[in-house]
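The values are calculated or read from the model by the stated rules, or taken from the named source; none is laboratory data. Small disclaimer: the values here were computed from a predicted structure and weren't measured. Cβ atoms come from the backbone with ideal geometry, glycine included; neighbour counts cover every protein chain shown.
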Amino acid sequence: MVVCRMTLMVCKTKRSKIEIEKKTKWWKLKKEECCEEFRQKLRQALGGQVVLPDDWETTAEVIRETGRKVLGVSSGRRKEDKETWWWNEEVQDSIQRKRLAKKKWDMDRTEENRQEYKELQRRVKREVSKAKQKAYDELYTRLDTREGEKDLYSESREQVEENLERWRFALERRGMKVSRSKTEYMCVNEREGSGTVRLQGEEVKKVEEFKYLGSTVQSNGECGKEVKKRVQAGWNGWRKVSGVLCDQKISARIKGKVYRTVVRPAMLYGLETVSLRKRQESELEVAELKMLRFSLGVTRLDRIRNEYIRGTAHVGCLGDKVREARLRWFGHVQRRESEYIGRRMLDMGLPGRRQRGRPKRRYMDGINEDMKLVGASVEDAEDRDRWREMIRCGDP
């Protein structure tokens, strides 16, 4: 039997000390009292001189030293990611009382002061929990509504990032995940050098267009790509029923009815909310006539007029149908209450000045032209039956 006694020396690896850089709290200069005190101290440090000396290094050191004395310096540690957007006045008052109790206990270490501090600490936790739960319940309720989507829109990039973080936190708290790679943002009328938007420190991809509820929205406010996609959607629908539309045994009337039921709704989808130009309406009509010629078995070499082709298939002009859909949607929005978001968008006026040159054709400009063609007014939209009768464009 062998007995051996051993002594093992464990060498602990020494952690390298991280150099902490304490920074001056320059952000306090936003407060008037801090800014005025800083000016007075700086004048005293410079000897009351109005003009700065030529030696900039000495002057910069005096400014930094004065800032450290007046404004204070940070601890240098990493800032905790605290969410304080839901703090109300009650929570802030409770936290302030807890801080005062902590200072009192640090100065006088008595059992009475300790119990007072612990009681205030427990009370703050309860109030913080209640306020946080109430704020998130209201946030969930607002995000579940269609009107809640506008909470993610803002002119300020910092406000957009803050709202995105709140939205992400609310979703992830309910078990849903936000894909950073699929999250995109778009700027309208962006100025040069406006920076980027970040989500949890990761830069969000910027796009010039995106698809929302089946419609393509462009950053420049145009709808050219949406018109091209409507034409493509119409051709896709036409190919699905081409076996019926190109059958010579089926009458032209039945072909026109199939076209009006399957193909035309795909081409008109979402166009009631945009302002089309004459060229864009022409693109839609050209695509429609090409489909009708294929269906009837004729070509442009046959030199048959467009009116005859439409009359044979009993299909009206697509431009008239776009106008009817646009006026029908306008009447629907006009009959809603004044607080409805669509009604507010119609009456909204954007601040600022437009660029030089010919102004773009606005949505209400197209609506006014359409009402002038059919002889209607805004007051007529209140009567639904009368409005539908006035704007109706039937097929031949």
Considering residues of the range 177-196 that are over 30 Å from residue 354 (Cα atoms) and surrounded by 10 or more Cβ atoms within 10 Å (Cβ to Cβ) only, the residue modelled with the highest pLDDT: 183
Cβ-Cβ under 8 Å pairs, at least 6 apart or on other chains, the range 240-254 side under 15 Å from residue 264 (Cα atoms), far side basic (Lys, Arg) and surrounded by 14 or more Cβ atoms within 10 Å (Cβ to Cβ): 245/255
Scan of the range 246-298 for residues that are over 43 Å from the mean Cα position of the chain (by Cα) and more than 17 Å from residue 310 (Cα to Cα), ordered by number: 247, 248, 249
Positions within the range 103-128 being under 19 Å from residue 92 (Cα atoms) and of a type in the set (Ser, Thr, Tyr), in sequence order: 117
Every residue from the range 320-353 that is in a loop (DSSP other than H, G, I, E, B) and either over 22 Å from the mean Cα position of the chain (by Cα) or touching a residue at least 12 places away in the same chain (Cβ under 8 Å) (or both): 335, 336, 337, 338, 353
Residue match in the range 126-141 (condition: at pLDDT 80 or above, surrounded by 13 or more Cβ atoms within 10 Å (Cβ to Cβ) and either more than 30 Å from the chain's Cα centre (by Cα) or at positive phi (or both)): yes
Some residue of the range 218-227 being at pLDDT 80 or above and under 17 Å from residue 289 (Cα atoms): yes
Cβ pairs under 6 Å, 6+ apart, first in the range 367-386 and over 24 Å from residue 277 (Cβ atoms), second of a type in the set (Phe, Trp, Tyr) and surrounded by 12 or more Cβ atoms within 10 Å (Cβ to Cβ): 380/387; 381/387
Residue that is nearest to residue 234 (Cα to Cα) [pool: residues in the range 283-319 that are β-branched (Val, Ile, Thr) and assigned to a helix (DSSP H, G or I)]: 286
Test result for residue 283, modelled with pLDDT under 90 and under 30 Å from residue 362 (Cα atoms): no
Answer from 353, 344, 305, 358 - the residue that is modelled with pLDDT of 90 or more and exposed (fewer than 14 other Cβ atoms within 10 Å of the Cβ): 305
Verdict on residue 370 being under 30 Å from residue 314 (Cα atoms) and part of a helix (DSSP H, G or I): yes
